[in-house]
1. Starting from a Cα-only point model with no solvent, please compute log10 I(q)/I(0) by Debye for the range 40-101 at q = 0.16 1/Å.
2. Just rank 100, 71, fewest to most, by other beta-carbon atoms within 10 angstrom.
3. Treat the count of other C-beta atoms within 10 Å as a stand-in for reagent exposure and order 146, 68 from fewest to most.
4. In units of 2.2 N^0.38 Å, what is the alpha-carbon radius of gyration of the range 35-153?
5. Of the beta bridges DSSP finds with both residues in the range 35-153, what % are antiparallel, to the nearest 5?
6. Could you work out the local net charge near residue 151, counting Lys and Arg as +1, Asp and Glu as -1, over the other residues with Cβ closer than 9 Å to its Cβ?
7. Step through the table entries 43/130; 31/51; 51/93, compare each Cα-Cα distance with 19 Å, and write down the pairs that go over it.
8. Residues with beta-carbon under 15 Å from that of residue 126, excluding residue 126: net charge, scoring Lys, Arg +1 and Asp, Glu -1?
Amino acid sequence: MNLERILSTIGCFLLITSIGFGQQKSTTDAKIASVFFIGEDEKNYEKLVEKYNTMLFAVCSNDMELAFDHWSVLLKDIEDYANKSNIDIKGVKLWLNIFWAKDGKIDHIVFYPKPNSKNMNYDSVKAMFKGFIATYQSPLKHTTGFSHYGSAAFPVFSRAILGPEK
């Protein structure tokens, strides 16, 4: 009888402990999606903002014109990729947060359509962004990951010039 009680108590203890560790592991090991909507996963979005706390402006040596040029080139590259993917993003307007790794590759894109954006299937935009991330390489590099939160409107009309012809 005592042995049965002891084994039962040990079994309950092991069950409770394993449940606790299982819950802890699932929240700490959860992989953050590479593309998602602003507001879709606030906890992980906050983690990204904390982790990639260096701004594009700082990576561009606090040169507003250079940072704007890099942002404009990125938006033009997104537009070109969408065209190659047969996704018409003309008329799409977004709030866009890009999170770059220190080597210049994009780790995450978090976005949300603006109220005056063209109505379309934004799941196809998500899929397009996933493909874009896989192919894009920024010329910018930094000692840490970095980010930029801004507005995007397609088609891109701004003239971005990077290089000696500037």
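Quick note: the coordinates plus some simple rules give every number you see, no bench work behind them. Everything numeric here is computed off the predicted structure, so don't read it as measured data. FYI the Cβ positions are ideal-geometry reconstructions off the backbone, even for glycines, and counts take in every protein chain you see.
1. The Debye formula, applied to the Cα set alone, gives -0.71.
2. 71, 100
3. 68, 146
4. Compactness ratio reported: 1.02.
5. Among the beta bridges of the range 35-153, antiparallel pairing accounts for roughly 75 percent.
6. Every neighbour counted, the sum reads +2.
7. 43/130; 51/93
8. Summing Lys/Arg as +1 and Asp/Glu as -1 gives -2.
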